[in-house]
Amino acid sequence: MEETIEDMNHIHLENGLDLYLEDDDEVQITLRKDGQLLSKVVLPWPSSGYGGGSLIVSDSQNYLVFSYYSGQSEEAFKLYQLTDEINEIFSLNYQFGEAASFGFNQAESTLLMAYPLSCSEWWQPWEDDDLEVSESGERFLYFGDIKVLDIKRNSITHHEIKLKIPNGWEPSTEEYSPYLLPSFTPENSVDLSMPWGKMSLRFPFGKNILIDMASKASNA
């Protein structure tokens, strides 16, 4: 499932209910029917600040993701189950990174959160000669992260996206969208929209997701 990336503060559901994000004075999410309040969630103001957020619903509209950011290169989310109420089932505090995007698998048993560490000039560590170097001399650029939430087990795993940088490699500096837009395929792999084009990764992931920039082949 590929999510549209825009600030969504109102979603009209197929069952006729409406979801609203209101974050002018305090951060709250409301569920309404014909304007009448059915359920409300008020979030404590994050200690690291609040720069904005958006609402995303799953295809079945049984789940709601509230994605938000601090404005200081930090991303977080909360997952809710939707009935005639808004019930929180998982929360992840701020993680270092920018431009988070989300995707459910078809069964809606797994939620992916994917983001680069920087939403612009992702090649900066290469330019600054600040790459990770292995004992064998291989060079790696820490590009971003993917979080995998097992919704039924209420457990999350962390996977680093690392780019293997060959000698003589130079990045393309063309404009690109920073959103990775994780999307499960029918073959249960995961497509990502990377700065240089779409890539397909084997799922489930290993601890690190390694991408060889010499061939742009991936192995998890």
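Read-outs throughout are calculated quantities, based only on the coordinates presented, and are distinct from any laboratory measurement. Bear in mind that the values here come from a model prediction, so they are computed numbers and not experimental data. Here the Cβ is made from the backbone with ideal geometry for all residues, glycine too, and neighbour counts use every protein chain on show.
Taking only C-alpha pairs under 8 Å that are 6+ residues apart, what is the relative contact order of the stretch 82-200 in percent?
Details: 198 pairs, mean separation 28.2, N = 119.
Value for the stretch 82-200: 24 percent.
In which sequence would Arg32, Arg153, Arg139 go, from the one with the fewest C-beta neighbours within 10 Å to the one with the most? Write down the numbers at each step before the final one.
Details: Arg32 15, Arg153 8, Arg139 18.
Neighbour counts put them in this order, fewest first: Arg153, Arg32, Arg139.
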Using θ = phi - 60° and Karplus 6.51 cos²θ - 1.76 cosθ + 1.60, couplings along the stretch 98-106 (whole Hz; Gly, Pro as x): 9, 6, 5, 9, 9, x, 9, 7, 4
Integer Hz, Karplus 6.51/-1.76/1.60 couplings in order for the stretch 8-25, x for Gly and Pro: 10, 10, 8, 10, 8, 7, 5, 7, x, 7, 10, 9, 10, 9, 10, 9, 6, 9
Ascending count of other beta-carbon atoms within 10 Å, so fewest first, for Leu37, Leu17: Leu37, Leu17
Total charge dipole magnitude, the stretch 92-179, about the Cα centre, Cβ charges on Lys, Arg, Asp, Glu only, Debye to nearest 20: 660
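Taking 2.2 N^0.38 Å as the expected size of a compact globular protein, what ratio does the Cα radius of gyration of the stretch 100-220 give against it, to two decimals? Spell out each step's value before the answer.
Details: Rg = 14.6 Å, N = 121, 2.2 N^0.38 = 13.6 Å.
After normalising by residue count via 2.2 N^0.38 Å, the value is 1.07.
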For Trp126, Trp196, Trp45, order by how many other beta-carbon atoms lie within 10 Å, fewest first: Trp45, Trp196, Trp126
Pairwise label distance in nanometres, Glu174 with Arg202, each label 7 Å out on the Cα-Cβ vector: 3.0
Among Asp130, Asp145, Asp25, residue whose mean-square fluctuation peaks in a GNM of the chain (springs only between Cα atoms under 10 Å): Asp25
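Do you know the relative contact order of the stretch 1-96, to the nearest whole percent, from alpha carbon pairs under 8 angstrom that are 6+ apart? Provide the component values of the computation, followed by the final result.
Numbers: 190 pairs, mean separation 18.5, N = 96.
The value is 19 percent.
Let me have the relative contact order for the chain, percent, based on Cα pairs under 8 Å that are six or more residues apart.
Working: 487 pairs, mean separation 28.7, N = 220.
Reported relative contact order: 13 percent.
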Dipole of the stretch 83-177, positive end: most advanced residue of Trp169, Trp126, Gly103 [Cβ charges, Cα centre]: Gly103
Highest-MSF residue in the chain out of Asp18, Asp128, Asp191 [GNM, Cα springs under 10 Å]: Asp128
Under the Debye formula (equal points on every Cα, no solvent term), log10 I(q)/I(0) of the chain at q = 0.09, 0.15, 0.18 Å⁻¹: -0.39, -0.99, -1.32
Karplus 3J(HN,Hα) series, Hz, for the stretch 126-132 with 6.51 cos²θ - 1.76 cosθ + 1.60 (x for Gly, Pro): 5, 5, 8, 6, 10, 8, 6
Most mobile listed residue (Gly35, Gly168, Gly71) in the chain, GNM with C-alpha springs under 10 Å: Gly168
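In the neighborhood of Leu117, defined by Cβ-to-Cβ distances under 9 Å, what is the net charge if each Lys or Arg adds +1 and each Asp or Glu adds -1? Kindly include the intermediate steps, with their values, before the conclusion.
Details: positive: none; negative: Glu98, Asp145.
Around Leu117, the charge tally is -2.
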Per residue, the convex hull volume that the Cα atoms of the stretch 1-96 enclose (Å³): 102
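So if each residue of separation counts as 0.36 nm, and I subtract the Cα-Cα distance between Asp150 and Ile89, what length gain in nm does that give? Show your work: numbers first, answer last.
On the way: separation 61, 0.36 × 61 = 21.96 nm, distance 1.13 nm.
Length gained between Asp150 and Ile89: 20.8 nm.
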